[in-house]
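J.: One structure follows; several queries about it will come next.
The values are calculated or read from the model by the stated rules, or taken from the named source; none is laboratory data. As the structure is a prediction and not an experimental result, all values here were calculated from the model. Counting neighbours? That spans all protein chains shown, and the Cβs are built from the backbone with ideal geometry, glycine included.
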Amino acid sequence: MTTIAKPGRDLAHGRAQLSDRLFRGVSGIGALIVIVILIALGVMLTLSSTQAFSTFGIVDFVTGLTWDPVADIYGALPYVVGTLLSSAIALVIATPIALLTAIYLAELAPSRVALPLTFLIELIAAIPSVVIGLWGVFILTPVLKSTIESFFVTTLGDTIPVFAGPPLGIGLFAAGVILAIMILPTIVSVSREVISSVPMAQREAMYALGATRWEVVTKAVLPSARSGIAGAIILGLGRALGETMAVTMVIGNAQAIPTSVFGQAQTIASKIATTFNEASVGIQTSSLIALGLILLVITIALNVVARLLVWRVAGAVAAE
């Protein structure tokens, strides 16, 4: 019986090895396809934007302040600044709210509250951006104009230039708030999963030492989840950098670098969305594609820097 069973076991083992190799090969092909798509996208954008870069120069195009289709003069700096500032405002607003919400859902809320609340938060991500933009135009911006913006302009506008200017409602701050709402589900969902995955033994050890729930969360849970939370913020940042329609509807689409957090501005994505269909073939189209290439470079660079920070934090946690 042993002699007869051995070939059967060898055959099953060989089939298992074959399925493992097949699975590894298919997975590797999938990963390679993603890399190829990214490289092909970069190459396509680079080739299509060659005319703009050769005409103005890379540095002059990136640092240029004028976008004048009549004179065929194009500069990207106002849109780069608008993209970075709106995303920064969104992260400043969304990160603390999302982190507190994730802690509540993972550590404090009973399951009968956590499950429906998690579903509702994740449902925000399914709302079309144009719907959020319409809500922003008709509901959010009038509220911001009469409350937050009026307060800061009245109290701090004369002393702090970044809060100066008329409270228009439509502008950079409104775009940042809209983006914060849109990236909130991503940060909350990922952070909640990371916090929930922290081993229960760490919590029990802290409780055994007499720690309060606040001490358990701040000294045992969050330090272990730091790298995952940072990854959640990275995902939110990527969403904020590339968002188009909702931002286009509330940012004001001004062609200059904003001097106030309440001033009107424009992002790279909103500029491409509002201009590309009407752009003339040639230098203007090439300049718009060059804006897309700059956005791709900014996104990759920020994600690489953020990923390095995550690895550094994860290494520090492991060393502890």
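J.: Got a number for residues in region 31-60 being touching a residue at least 40 places away in the same chain (Cβ under 8 Å) and among the charged types (D, E, K, R)?
T.: Of the residues in that region, 0 qualify.
J.: Here is a check on your reading of the model: is L308 farther than 30 Å from V143 by Cα and at pLDDT 90 or above? If you could, list the steps in order and put the result at the bottom.
T.: On the way: farther than 30 Å from V143 by Cα: yes; at pLDDT 90 or above: no.
No; evaluated as a whole, the condition is false for this residue.
J.: Quick test of your reading of the structure: V297 fulfils all but one of (1) surrounded by fewer than 21 Cβ atoms within 10 Å (Cβ to Cβ); (2) touching a residue at least 40 places away in the same chain (Cβ under 8 Å); (3) within 15 Å of the chain's Cα centre (by Cα). Name the failing condition by number.
T.: Failing condition for V297: (2).
J.: Further question on the same structure: Examine region 242-256 for a residue that is touching a strand residue (DSSP E or B) at 6+ places or on another chain (Cβ under 9 Å), under 17 Å from L45 (Cβ atoms), among the aliphatic types (A, V, I, L, M) and touching a residue at least 60 places away in the same chain (Cβ under 8 Å), and state whether such a residue exists.
T.: As a first pass, look at region 242-256 and keep what is touching a strand residue (DSSP E or B) at 6+ places or on another chain (Cβ under 9 Å): 251-256.
Narrowing further to those that are under 17 Å from L45 (Cβ atoms): none.
Scanning region 242-256 turns up no residue that is touching a strand residue (DSSP E or B) at 6+ places or on another chain (Cβ under 9 Å), under 17 Å from L45 (Cβ atoms), among the aliphatic types (A, V, I, L, M) and touching a residue at least 60 places away in the same chain (Cβ under 8 Å).
J.: Pairs under 7 Å by beta carbon, first residue within 16 Å of R203 (Cβ to Cβ) and in contact (Cβ under 8 Å) with a residue 40 or more places away in the chain in region 88-108, partner surrounded by fewer than 22 Cβ atoms within 10 Å (Cβ to Cβ) and among the small types (G, A, S), six or more apart or different chains?
T.: Correct list of pairs: L105/A114; A106/S196.
J.: Restricting the first residue to region 211-229 and requiring it to be in contact (Cβ under 8 Å) with a residue 24 or more places away in the chain, which pairs with a second residue that is in a helix (DSSP H, G or I) and surrounded by fewer than 17 Cβ atoms within 10 Å (Cβ to Cβ) meet a Cβ separation below 6 Å and a spacing of at least six or different chains?
T.: S227/A314
J.: Shifting gears a bit: Can you tell me which residue among G242, G282, G292 is modelled with pLDDT of 90 or more and within 30 Å of G75 (Cα to Cα)? Lay out the reasoning, then the answer.
T.: On the way: G242 fails: modelled with pLDDT of 90 or more; G282 fails: modelled with pLDDT of 90 or more.
Matching residue, one of G242, G282, G292: G292.
J.: (1) modelled with pLDDT under 90; (2) in contact with a helix residue (DSSP H, G or I) (Cβ under 9 Å, 6 or more places away or on another chain); (3) more than 20 Å from G238 (Cβ to Cβ): which one isn't true of S111, the others all being true?
T.: (2)
J.: Quick one: count up the residues across region 250-266 that are surrounded by fewer than 24 Cβ atoms within 10 Å (Cβ to Cβ) and not in a loop (DSSP other than H, G, I, E, B). Break it down into steps so the answer makes sense when it comes.
T.: Initial filter on region 250-266 (surrounded by fewer than 24 Cβ atoms within 10 Å (Cβ to Cβ)): 252-261, 263-264.
Subset that is not in a loop (DSSP other than H, G, I, E, B): 252.
Within region 250-266, residues that are surrounded by fewer than 24 Cβ atoms within 10 Å (Cβ to Cβ) and not in a loop (DSSP other than H, G, I, E, B) number 1.
J.: Oh, and also: Under the condition of being among the aliphatic types (A, V, I, L, M) and within 25 Å of M245 (Cβ to Cβ), which residue from region 142-161 is surrounded by the fewest Cβ atoms within 10 Å (Cβ to Cβ)?
T.: V143
J.: Among the residues in region 162-184, are any surrounded by 15 or more Cβ atoms within 10 Å (Cβ to Cβ), over 23 Å from P258 (Cβ atoms) and either modelled with pLDDT of 95 or more or under 23 Å from the mean Cα position of the chain (by Cα) (or both)? Outline the logic, then answer.
T.: Pass one, region 162-184, residues surrounded by 15 or more Cβ atoms within 10 Å (Cβ to Cβ): 163-165, 167-184.
If we keep only those that are over 23 Å from P258 (Cβ atoms) as well, we get 184.
Narrowing the set further to residues that are either modelled with pLDDT of 95 or more or under 23 Å from the mean Cα position of the chain (by Cα) (or both) leaves 184.
Scanning region 162-184 turns up at least one residue that is surrounded by 15 or more Cβ atoms within 10 Å (Cβ to Cβ), over 23 Å from P258 (Cβ atoms) and either modelled with pLDDT of 95 or more or under 23 Å from the mean Cα position of the chain (by Cα) (or both).
J.: For G263, which of the numbered conditions (1) over 28 Å from L47 (Cα atoms); (2) within 20 Å of the chain's Cα centre (by Cα) fails to hold?
T.: Against the list (1) over 28 Å from L47 (Cα atoms); (2) within 20 Å of the chain's Cα centre (by Cα), G263 comes up short only on (2).
J.: Let me ask something else about it. Considering region 203-220 alone, what residues qualify as being surrounded by 15 or more Cβ atoms within 10 Å (Cβ to Cβ) and in a helix (DSSP H, G or I)? Step through it out loud before you land on a result.
T.: Taking region 203-220 and keeping what is surrounded by 15 or more Cβ atoms within 10 Å (Cβ to Cβ), we get 203, 206, 211, 216-217, 220.
Across region 203-220, the qualifying residues are R203, M206, V216, V217, A220.
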